[in-house]
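The values are calculated or read from the model by the stated rules, or taken from the named source; none is laboratory data. Given the structure is predicted, the values throughout are model-derived calculations rather than measurements. Note that we place each Cβ from the backbone using ideal geometry, even for glycine, and neighbour counts take in every protein chain shown. The protein model used for the area step is the full one, side chains on, heavy atoms only, and it has no ligands, DNA or RNA in it. Shrake-Rupley method; radii C 1.70, N 1.55, O 1.52, S 1.80 Å.
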Amino acid sequence: MRAATPALRSSPACLRRVSVGLTRALSKPIVQHRPKAATTAGTTGTDTSIVLAVLGAFILGFSSIATGVNFIVTTHTLRPPGMGWFKMPLFAWGLYATAIIQVLATPVLGITLLLLAGEKVLRLGIFDPALGGDPILFQHFFWFYSHPAVYIMILPGMGVISEVISVFSRKHIFGYRFIAFSSVAIALWGFLVWGHHMFVSGMTPLAATIFSALTFSVAIPSVIKVFNWLATMYKGSIGLATPMCYALMFLFLFGIGGLSGLFLGTLAVDVHVTDTYFVVAHFHYVMFGGALVALLAGLHYWWPKITGRMYNDRLGQLAALLLFVGFNLTFFPQFVLGTRGMPRRYYDYTKLLERHPESSTLHLLSTVGAFVTAAALVLALICLVHSLLRGRRAPANPWGGATLEWQCSSPPPHDNFPTPPQVGDPYDFSGLEYDPVLGGFVRRGQGGDRLGGPSLVPSSP
Amino acid sequence: MSHAEPLAWHPPHLAHHFDTPRQQFAAGKLGMWVFVLTEVLFFGGLFCAYAVYRANHPEIFIYAHQYLDKSLGAINTAVLILSSLTMAWAVRCAQLSQRGGLVLCLVLTLACAAVFLGIKYVEYRHKWEEGLKWAGAYAPKLAREPLSTRDASLPVSPPSTATGRRRGTWGFSSASTLP
């Protein structure tokens with residue numbers, strides 16, 4: 001941030017003032033989810049930087065809404081001929097559920113940000129108690145958006161995992177409809193649990209109990225998915241290519257993350273671990289071990305399709321393994337630290353370690369793990385960049401996927417398909433065989449397809 | 001949903017990613033309905049904030065309503081509803097290819113909009129001159145009586161928001177679960 005300022009010195013003063021305001025605004029948390037009278041309202045008139053950042057987030061919110069509208073409409077009206085709802089890839093179901101949340105949750109964030117800006121500029125007492133506002137209302141509004149927002153992050157990831165696990169187990173996905181409907185169930189049910197972020201903010205015991213029960217029940221659709229993925233792998237012919245390594249890592253880490261969420265949904269335990277490292281560990285097991293690892297799985301799965309280049313699989317596996325070690329080393333000790341009372345936000349670790357020297361080992365492990373995690377991510381980046389420079393050309397279907405994108409060449413040509421592709425079962429791998437010359441999979445009885453052109457012949461035998 | 005064969009001749013108003021005008025119309029219509037749904041959520045948040053504010057500070061609303069002009073407000077409500085009718089009628093005329101009716105309805109709608117804005121100008125100008133602005137610039141000139149003599153028993157000075165704040169009137173905000 002600071003480095004950018006000298007470059008702006010020659011620009012007009014007003015521009016500089018705007019940019020400095022933005023820099024200052026962005027160095028604060030943009031949406032502060034625990035409003036305090038002194039920080040949300042400010043005591044010295046209007047805080048321009050906050051207003052600018054809030055309006056920026058408002059505009060971003062509308063781009064998110066537009067994306068959600070686009071995906072819903074595309075799914076409804078632009079599926080290719082022959083693709084019914086239950087012939088869609090599960091990734092598309094995941095994106096559809098995500099779009100529902102974007103459309104329903106983001107407007108509430110939008111109005112919250114507008115009211116916050118209005119409070120700043122016009123001094124209306126909406127959230128700030130010093131002006132007669134209600135800070136609890138801000139927390140309700142904030143979490144009504146921000147709890148569904150974590151499902152916005154995880155649902156596409158769950159869609160990726162459904163694809164990868166089926167393809168690398170060479171087995172039809174188990175429980176297609178259950179996985180598809182559980183995505184939609186998460187999208188809708190996820191709107192009823194925001195109160196579990198506010199158990200200690202001030203809430204009637206009845207409301208807290210209802211939110212706790214709803215929180216437990218929202219775990220069910222996620223568990224349905226996990227069991228269906230495990231059942232898909234059962235007796236499958238599992239290949240441990242890099243995307244599958246990340247998918248298996250997702251199962252393990254998301255499992256721990258989800259189960260630790262049950263601790264937090266329990267009212268009495270939540271009071272004990274609120275605002276401790278336990279919450280930090282839980283959040284990272286779900287969002288890093290879940291959403292980010294799923295993103296890496298998807299990136300490595302579709303990388304050959306996106307770029308037309310194969311990466312070094314050994315290097316990718318090594319990065320995945322290193323990430324697994326580094327991640328657990330970073331965040332598992334934080335579960336232990338959290339249950340022992342380590343606060344979530346801390347600023348003077350020297351004093352902390354003087355007072356509690358027994359916690360230094362776990363803090364050290366966590367710090368070392370953070371560096372290992374960073375090294376693993378750098379290694380994964382090196383692996384992918386190397387493939388762009390030196391990787392061999394990717395065949396149309398390197399992993400043997402049965403969804404439509406593997407029917408066109410890698411990377412896809414302009415307009416994707418010269419003629420509309422044949423829609424079949426997205427998880428029927430029976431006709432696909434590995435061709436060692438091509439380095440990829442072809443449909444049985446298509447020896448003439450070795451030049452890597454799109455295989456558009458109907459797959460039904 | 002219909003998947004007709006792609007047209008050989010591409011109409012100029014048909015976007016490249018659609019096969020047929022019918023598909024494009026279906027997509028646009030669904031998109032507009034979904035967008036209207038987002039607006040429901042958007043204004044739902046606003047009404048929620050209004051309801052909470054009103055529950056926490058009923059005295060402010062009782063005080064402020066003395067300064068509203070009921071007849072101007074009633075006229076504007078009627079104008080708004082009438083313009084909704086003429087706009088919907090205009091859409092119907094367009095569907096039936098009735099050009100004259102369409103033009104008439106649109107002109108009436110625009111006229112209603114002008115009347116609405118004119119009345120709003122009168123109302124807001126009055127508020128502005130009286131110093132009845134938003135919270136940050138609130139400086140009322142209280143020398144005059146409230147508009148409605150029937151409510152003359154009500155307080156003439158504005159209640160203070162900071163002292164008049166009442167907690168616990170809203171179910172969620174009671175802090176009784178805290179140890």
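Nearest 10 degrees is fine. How inclined is helix A:135-168 to the longest principal axis of chain A, computing both from alpha carbons? Once rounded, the angle reads 20 degrees.
Taking Cα atoms only, the orientation of helix A:360-390 departs from the longest principal axis of chain A by about 40 degrees.
Pop the C-beta distance of B:Leu96 and A:Arg314 into the FRET formula with R0 = 60 Å and round what comes out to the nearest 0.05. Walk me through the intermediate numbers first.
Details: r = 70 Å, r/R0 = 1.16.
Rounded to the nearest 0.05, the efficiency is 0.30.
How many angstrom lie between the C-alpha centres of region A:343-375 and region A:205-221? If we compute the Cα centre of each part, the gap is 33 Å.
Here's the list of lysines a cross-link from B:Lys133 could span, going by alpha-carbon distance under 28 Å and ignoring same-chain residues fewer than 8 apart: A:Lys36, A:Lys120, B:Lys70, B:Lys120, B:Lys141. Cα axis of helix A:277-286 to longest principal axis of chain A: angle in degrees, 0 to 90, nearest 10? Approximately 30 degrees, to the nearest ten. Residues whose amide H falls under 5 Å from that of A:Thr276, counting only those 5 or more places apart or on a different chain, are A:Arg344, with hydrogens built in the peptide plane. For A:Ala394, nonlocal amide neighbours, meaning residues 5 or more places apart or on other chains whose placed amide H falls under 5 Å from its own, are A:Arg309, A:Met310. Per residue, the convex hull spanned by the alpha carbons of chain A comes to 184 Å³.
Rounded to the nearest 0.05, the FRET efficiency derived from the C-beta distance between A:Leu353 and A:Tyr434 at R0 = 45 Å is 0.20.
Counting other C-beta atoms within 10 Å, and keeping those with at most 12, which DSSP coil chymotrypsin sites (Phe, Trp or Tyr not before Pro) do you find in region B:7-79?
B:Trp9
Per-residue 3J(HN,Hα) values for region B:45-54, derived from phi via the Karplus relation 6.51 cos²θ - 1.76 cosθ + 1.60 with θ = phi - 60°, read x, 5, 5, 5, 4, 4, 5, 5, 4, 5 Hz in sequence order (x marks Gly and Pro). Within region A:199-248, all pairs of alpha-carbon atoms sorted by distance into 5 Å bins from zero give the percentages 5, 16, 15, 14, 11, 9, 9, 9, 7, 5, 1.
Computed from protein heavy atoms with a 1.4 Å probe, the total accessible area buried between B and A is close to 3300 Å². Suppose R0 equals 35 Å; then what is the FRET efficiency for B:Glu130 and A:Ala66 from their Cβ-Cβ distance, rounded to the nearest 0.05? My answer for the efficiency is 0.25.
Entry comment: accessible area of chain A is 45 Å² per residue, from protein heavy atoms only and a probe of 1.4 Å.
Net charge within 11 Å of A:Asp348 by Cβ-Cβ distance, Lys/Arg positive one each and Asp/Glu negative one each, not counting A:Asp348 itself?
That works out to +1.
When only the Cβ of Lys, Arg, Asp and Glu is charged (+1, +1, -1, -1), the dipole of region B:59-149 relative to its Cα centre reaches about 300 debye.
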